[in-house]
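See below for the structure under consideration.
The values are calculated or read from the model by the stated rules, or taken from the named source; none is laboratory data. Model, not experiment: these values are computed from the prediction. When we count neighbours, we look across all protein chains shown, and the Cβ atoms used for this are built from the backbone with ideal geometry, even at glycine.
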Amino acid sequence: MRLLTLPRPGLLAWEDVPTPAPGPDEVSVAVTHVGICGSDVEAYLGHRPAHVRHGRPVVGHEVCGVVDAVGDRVRGPRVGDVVTCVEGWGAFADIVLTTPTNLLRLPRRIDPADGCLVEVLPGVAMAAWRTGITRSHQVLIVGQGLSGLLLTRLVHLHGCAQLTVVDPHQCRLDLAREFGADVTVASTVEALAAPDSSYGPFDVAIVAAPVNLVDAVVPLMRPRSRIVMYGGLERDAKVDIMALHRGSISLIKESEGINGIVEARGVWAAAAELVADGVLPLHRLRTHTMEFDEIDEAFRLRIEDPTALHVVCVHPAVGS
């Protein structure tokens with residue numbers, strides 16, 4: 001089968017590898033759609049190590065596909081099911097293998113082109129729903145890229161006193177308003193924390209940016225507040241622990257409030273149901289649909305164009 005590899009940062013290459021067969025407890029998924037995630041961009045730019053599959057560094061994990069084979073001991077998933085799966089790295093390929101634990105069957109009401117984005121919903125839902133936000137809280141979301149906008153919608157649905165979002169791109173803030181943000185700020189988080197700023201203090205801040213902005217957020221927080229680190233951190237990122245200590249501020253990951261697989265799958269299924277019902281409108285985030293063979297242009301768009309929120313690549317077999 002064909003597999004998209006990342007031999008070195010900035011270089012994508014299609015290679016032929018043996019087609020994998022599912023083991024007794026595995027499910028084989030024929031890929032139909034793959035979205036380009038911020039984590040793919042970070043690997044492409046050399047900001048994080050690429051994952052390895054089939055002995056090669058790979059990108060792509062926002063996957064939607066159709067079950068084409070199941071292992072002897074698998075009960076539940078059936079051939080023909082439309083699914084997504086977590087930990088499906090190397091999804092720019094003909095086939096990915098997963099397990100029933102990591103797989104979610106999608107309602108037929110979800111467009112498969114949007115189904116690949118359902119893959120990211122567990123972490124987003126954990127950050128929005130399981131990090132202690134209440135209806136009395138002032139909440140800040142830093143960054144309104146793809147994940148930031150998903151967070152905005154899910155926090156709005158969860159409920160809080162006021163939801164403020166910050167991003168330098170007005171086109172993203174317009175969507176944030178549509179998704180439920182109360183206050184949108186076309187600026188940087190550093191500007192929000194300026195001495196003459198009227199923003200804050202906040203009870204919860206979610207950092208949905210590819211760079212380390214924790215120290216910039218700290219001055220905006222009230223005592224006994226928390227910062228949720230959803231976005232990535234650079235390889236050599238540092239955080240001023242004493243500033244957190246002096247402010248009585250907790251720094252947490254989105255998954256800290258989740259106790260195991262059952263709860264993780266619960267938030268995943270609940271978020272997917274919102275997609276199926278049209279309450280979480282993933283189609284509003286899908287800005288570009290491209291072919292697998294246009295992968296270089298797809299990555300260029302995702303990196304350079306602030307309007308390119310969700311770039312979805314379609315497997316050649318879908319149109320055949």
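Assorted remarks:
- In summary, strands (runs of 3 or more DSSP E) completely within the stretch 2-56 and bearing 3 or more residues that are over 30 Å from Asn212 (Cβ atoms) occur at 11-16, 27-35.
- Options Arg105, Arg177, Arg172; residue that is modelled with pLDDT of 95 or more, basic (Lys, Arg), more than 20 Å from Ile36 (Cα to Cα) and not assigned by TED's automatic domain parsing to the domain that holds Asp68: Arg177
- Residues of the stretch 95-127 that turn out to be under 19 Å from the mean Cα position of the chain (by Cα) and without any contact (Cβ under 8 Å) to a residue 40 or more places away in the chain, as a count: 2
- Meets criteria (farther than 23 Å from Val124 by Cβ, loosely packed, with under 14 Cβ neighbours inside 10 Å, in contact (Cβ under 8 Å) with a residue 24 or more places away in the chain and not basic (Lys, Arg)) for Asp16: no
- When Gly55, Gly60, Gly46, Gly71 are screened for being assigned by TED's automatic domain parsing to the domain that holds Ala298, crowded, with 16+ Cβ neighbours inside 10 Å and either acidic (Asp, Glu) or more than 18 Å from Glu119 (Cβ to Cβ) (or both), only Gly71 passes.
- Test: residue in the stretch 238-246 that is touching a Ser or Thr at 6+ places or on another chain (Cβ under 9 Å) and either within 20 Å of Gln162 (Cα to Cα) or among the acidic types (Asp, Glu) (or both): no
- For the stretch 185-281, the helices (runs of 4 or more DSSP H) that sit wholly inside it and include 1 or more residues that are among the basic types (Lys, Arg) and surrounded by 14 or more Cβ atoms within 10 Å (Cβ to Cβ) are 261-276.
- Taking the numbered list (1) of a type outside the set (Ser, Thr, Tyr); (2) at negative phi; (3) not assigned by TED's automatic domain parsing to the domain that holds Val83 in turn, Gly159 passes all entries but (2).
- For the stretch 282-302, the set of residues classified as exposed (fewer than 15 other Cβ atoms within 10 Å of the Cβ) and under 17 Å from His169 (Cα atoms) is empty.
- Filter pass, Val318 being among the β-branched types (Val, Ile, Thr) and touching a helix residue (DSSP H, G or I) at 6+ places or on another chain (Cβ under 7 Å): no
- Each residue in the stretch 74-94 was checked for being touching a Phe, Trp or Tyr at 6+ places or on another chain (Cβ under 9 Å) and either surrounded by fewer than 17 Cβ atoms within 10 Å (Cβ to Cβ) or free of Cβ contacts under 8 Å to residues at least 12 places away in the same chain (or both), and 0 of them qualify.
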